[in-house]
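Please read the structure below before turning to the comments.
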Amino acid sequence: KNQVEQSPQSLIILEGKNCTLQCNYTVSPFSNLRWYKQDTGRGPVSLTIMTFSENTKSNGRYTATLDADTKQSSLHITASQLSDSASYICVVSGWAAGNKLTFGGGTRVLVKP
Amino acid sequence: DVKVTQSSRYLVKRTGEKVFLECVQDMDHENMFWYRQDPGLGLRLIYFSYDVKMKEKGDIPEGYSVSREKKERFSLILESASTNQTSMYLCACRTSGTVGGELFFGEGSRLTVL
């Protein structure tokens, strides 16, 4: 069964500090992995996409990594800001019939001043 | 930018009422989706549509139906609302022809069934 597990479920960090979110998946065959950011009361917005051949990709202060061998991805937030307070959702797409997406449960990040 | 508009941000309904949630997208995307989002359960797919008048069941279709009469509009219908359908409902669209293409979400509709 395709699954995406995210950890931690939630974390609190001080403004200016770094943090790393984890995503482990069992989706096979793998196509790509996206990280979405969801502000409170809003819809998710895509931050970055990782394909099989990519190891690292940055989007401003967000850096995503992918290890396709161990089926793990991480999202690193550098020099956190109050606006980074949100839920971060890992979504994996597989090369199966219907190209079904598998969603992680999300990590809720709270940045405190 | 793609814009996905959901008709109601907040709704309060009573058990047994019929509920319509409407979603309109302005980018001519073929694929449209309805998800519900609950704490601890993440996003779960209710129904999706690859084209006009076409619909497919997702993972949790029970108690829901959908309508797609026009390409830009995808409606979610709760024939007889129940308290366990209290949730955040998210509509999304995506262009076809790409595996794992970006989903563009609406702002969400928070439904409370009393």
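Each value in this text was obtained by applying a stated rule to the coordinates, not by laboratory testing. Only a predicted model underlies this, so the values are computations on that prediction, with no experimental measurement involved. Note: ideal-geometry Cβ built from the backbone for every residue, glycine included; neighbour counts use all protein chains shown.
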- line: trypsin sites (Lys or Arg not before Pro) in segment A:29-113 lying in a DSSP loop, each with at most 16 other Cβ atoms within 10 Å of its Cβ, come to A:Arg42, A:Arg61, A:Lys100
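Just to confirm a number: summing +1 for Lys and Arg and -1 for Asp and Glu over residues other than B:Arg44 whose beta-carbon lies under 13 angstrom from that of B:Arg44, what do you get?
Details: positive: A:Lys100, B:Arg36, B:Lys57; negative: B:Asp38, B:Asp59, B:Glu62.
Once all neighbours under 13 Å are counted, the net charge is 0.
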Of A:Lys1/B:Lys55; A:Lys1/B:Lys13; B:Lys18/B:Lys71; A:Lys17/A:Lys37, pairs whose Cα-Cα distance is over 28 Å: A:Lys1/B:Lys13
message: Which log10 I(q)/I(0) values does chain A give at q = 0.19 Å⁻¹ under the Debye formula, counting every alpha carbon as one identical point scatterer?
response: -0.93
statement: Of the candidates A:Thr51, A:Pro29, A:Leu11, the farthest towards the positive dipole end of the protein assembly as shown (Lys/Arg Cβ +1, Asp/Glu Cβ -1, centred on the Cα centre) is A:Leu11
query: Label A:Thr51 and B:Asp28 with points 7 Å out from Cα along Cα→Cβ: what is the distance between them in nm?
result: 2.4 nm
field: Cβ-based charge dipole, chain B, positive-most Cα from B:Tyr64, B:Val113, B:Leu76
entry: B:Val113
field: Charge dipole magnitude, Cβ of K and R +1, D and E -1 - chain A, Cα centre, debye nearest 20
entry: 200 debye
Extreme residue, positive dipole direction of the protein assembly as shown, given options B:Met54, B:Val12, A:Thr65 (C-beta unit charges): B:Val12
Within a Gaussian network of chain B (alpha carbon springs, distance under 10 Å), most fluctuating of B:Gly63, B:Gly40, B:Gly16: B:Gly40
